[in-house]
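Scroll down for the structure; my scribbles are underneath it.
Readers should treat all values here as calculations from the given coordinates under stated rules, not as data from a laboratory. Just so you know, these numbers come straight off a predicted model, no measurement behind them. In this analysis, Cβ positions are derived from the backbone assuming ideal geometry, glycine residues included, and neighbour counts consider all displayed protein chains.
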Amino acid sequence: MLRPRRQSRLRPRPADPVMNDALQQTPGTVYLVGAGPGDPGLLTLRARDCLLQADAVVYDALVNADLLTLYAPSAEHVYAGKRSGRHVLPQADIQTLLLELSGRCRHIVRLKGGDPLVFGRGGEEAAFLRAHGIPYEIVPGVTAGVGASAAAGIPITHRGIARGVTFLTGHREADGTLSLGLDDVPKRGTLVFYMGVGSLPALIELVLASGRAPETPAAVIESGTCPGQRVLASTVGEIVALASQSQVHPPALLVVGDVVALREHLL
């Protein structure tokens, strides 16, 4: 149900209460919006327009709060963040909330950090909305693997060095295991791990077991694109000790590959 891109033009809200009541007989539209990696300047124009017309915004932990005050100050704000297993609202409750809001609001924005379809459960929410007959639109955003890497001076692909990039999640399964399938990933490609701070030692063990050399460049990017951004550049063999010594905290990305070494030439 991904709709063709429309012009970024705000639609006026009806002022007549009778007209409003008539319109509310049909469910409101839910916009699954990517807020980008953190810097408000990386918000897309379409995402901005969705926020400007929002009656309600359901937002995640990685969303920059400045976006709400800048573009949706009068909307109803509902925090639904998830951090390191601490969920304010379980996923099922978030989806039920979107259903409830669509019954009383015309424009509901589900605001997610990065891109809604990259480790953002946007696909699950879209499937739920479609199953319940709720109109929706997916609004792409700049995912952290692209935005934060660029802000750190790391080109995740580069001619002659890395012909591809693989995005992976460092989040453990419900049983506590990590299953990445790195044996099927080209050795010359770049690896970008989301949500990997808590599992960093285990991730590096899997990277080494897949055939990457300890000397392979690696970097941890903390709070990418934000004022507090930190970049710890090292090697696969030393990045765990460096991250521990530097007390890295989420949100942070792990980037592995020869492209990391280009950072010193680009910054």
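Some points to look at:
- Amide H to amide H, with H built 1.01 Å from N, Tyr136 comes under 5 Å of Val30, counting only residues 5 or more places away or on other chains.
- Inter-probe distance in nm under a simple model that places probes 7 Å from Cα toward Cβ, at Ser179 and Ala92: 2.2 nm
- Difference of contour (0.36 nm per residue) and Cα-Cα distance, Lys187 to Glu238: 16.5 nm
- Antiparallel DSSP beta bridges within the range 28-136, percent to nearest 5: 15 percent
- Selected from Cys105, Pro155, Thr143, residue furthest toward positive end of dipole (the range 83-198; charges at beta carbon): Pro155
- Placing +1 on each Lys and Arg Cβ and -1 on each Asp and Glu Cβ, with no other charges, gives the chain a dipole about its Cα centre of roughly 700 debye.
- Answer label for Cα extents along the principal axes in Å (calculated), chosen among (i) 54, 40, 34; (ii) 63, 45, 36; (iii) 69, 40, 32: (iii)
- Per-residue 3J(HN,Hα) values for the range 125-131, derived from phi via the Karplus relation 6.51 cos²θ - 1.76 cosθ + 1.60 with θ = phi - 60°, read 5, 5, 5, 5, 5, 5, 4 Hz in sequence order (x marks Gly and Pro).
- Amide H contacts of Gly170 (H built 1.01 Å from N, under 5 Å, at least 5 apart or other chain): Tyr194, Met195, Gly196
- Among residues other than Ala126 with Cβ under 10 Å from its Cβ, the summed charge is 0 (Lys and Arg +1, Asp and Glu -1).
- Relative contact order for the chain: 19 percent, from Cα pairs under 8 Å spaced at least 6 residues apart, divided by residue count.
- For the pair His77 and His249, a Förster radius of 30 Å applied to the C-beta separation gives a FRET efficiency near 0.75, rounded to the nearest 0.05.
- Inter-probe distance in nm under a simple model that places probes 7 Å from Cα toward Cβ, at His132 and Thr26: 1.9 nm
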